[in-house]
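Participant: Before I ask anything, here is the structure I am working with.
The values are calculated or read from the model by the stated rules, or taken from the named source; none is laboratory data. These numbers were taken from a predicted model, which means no experiment stands behind them. Heads up, the Cβs are rebuilt from the backbone with ideal geometry, glycines too, and the neighbour counts pull from every protein chain shown. Side chains included, ligands, DNA and RNA excluded: accessible areas come from the protein's heavy atoms. Shrake-Rupley method; radii C 1.70, N 1.55, O 1.52, S 1.80 Å.
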Amino acid sequence: IGEGGMGVVFVAEQEKPIRRKVAIKVIKPGMDSKSVIARFEAEQQAVALMSHRNIAKVLDAGIAESGRPYFVMELVQGADLARIIHDRGPLNVADACEIVRQAAIGLQHAHDNGLVHRDVKPSNIMLALDGSVKLLDLGLAGLNNAELESTANVVVTDRLTSVGQIMGTLDYMAPEQITASPQVDGKADVYALGATLFQLLTGRTPCGDRSEGTPERIEAVLQKPPLDIATLRDDVPQELCSLLLTMLA
């Protein structure tokens, strides 16, 4: 049903102990080194124990015969924010804030349990049919930023990679992720959630322009202040403008 930077997602039917539809995400080749798999298995213990309304639950995880990690997750009926933005354009202020409020509650729960997402973005946040908001791919947290090699990164389209290492998605990455700092923590998730809120409100990202080349966009994130949303729409309260600048600081 979908393909992202780190894996392919399938719909499947679980037969036992409960017959139900589930989502299975199989990690792409290249993410199956021994150290990544070891980190993957350790992180799953923490992820599996978490239960929160705003986090898509991981039901099972393992290593396939091919050697590639996989997740079995609850199948969320709804649409991710990237699709909503594409189909509807910018949202009204109240709806955008409520979506991000729920996502922030889920992120705080993850941080309280020692997990940093490291790839928060619209396509990793689902708006379910019942109105709830769920974070996706938290189970991949252990695969992001593991094996940081150096600050000499190779740029591949919109993603950064060191030696075989996917680090995040450029439009939502905090500066410390771009520079391969080993100290990436929950503040990077706050930055990414701010960038997501900015896009929900404007249809664009706060740093750089997607029509520019990747080096220029990296330079914008590292060196330039984010755009002031007040210059893009006039119905955003000043308190929200200030909050966005704080999240993106």
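Participant: With +1 on the Cβ of every Lys and Arg and -1 on the Cβ of every Asp and Glu, and nothing else charged, how large is the dipole of the range 73-118 about its Cα centre, in debye rounded to the nearest 20?
Facilitator: 120 debye
Participant: Leaving out ligands and nucleic acids, and using a 1.4 Å probe, what accessible area per residue does the range 100-139 come to in Å²?
Facilitator: 35 Å²
Participant: For the range 189-249, with every protein chain kept in place, what is the accessible area per residue (1.4 Å probe, Å²)?
Facilitator: Each residue of the range 189-249 exposes 49 Å² on average to a 1.4 Å probe.
Participant: Order 223-233, 112-122 from most to least packed using the mean count of other Cβ atoms within 10 Å.
Facilitator: Final packing ranking: 112-122, 223-233.
Participant: Taking amide H atoms as placed 1.01 Å from N in the peptide plane, list the residues 5 or more away in sequence, or in a different chain, whose amide H sits under 5 Å from that of I125.
Facilitator: Correct list: L81, A82, L136.
Participant: Given a 1.4 angstrom probe, I'd like the percentage of the accessible area of the range 82-143 that is carbon and sulfur, rounded to a whole number.
Facilitator: Of the solvent-accessible surface of the range 82-143, carbon and sulfur hold 51 percent.
Participant: Let me check I've understood the local charge: for D189, count other residues with C-beta under 14 angstrom from its C-beta, Lys and Arg +1, Asp and Glu -1. What total comes out?
Facilitator: -2
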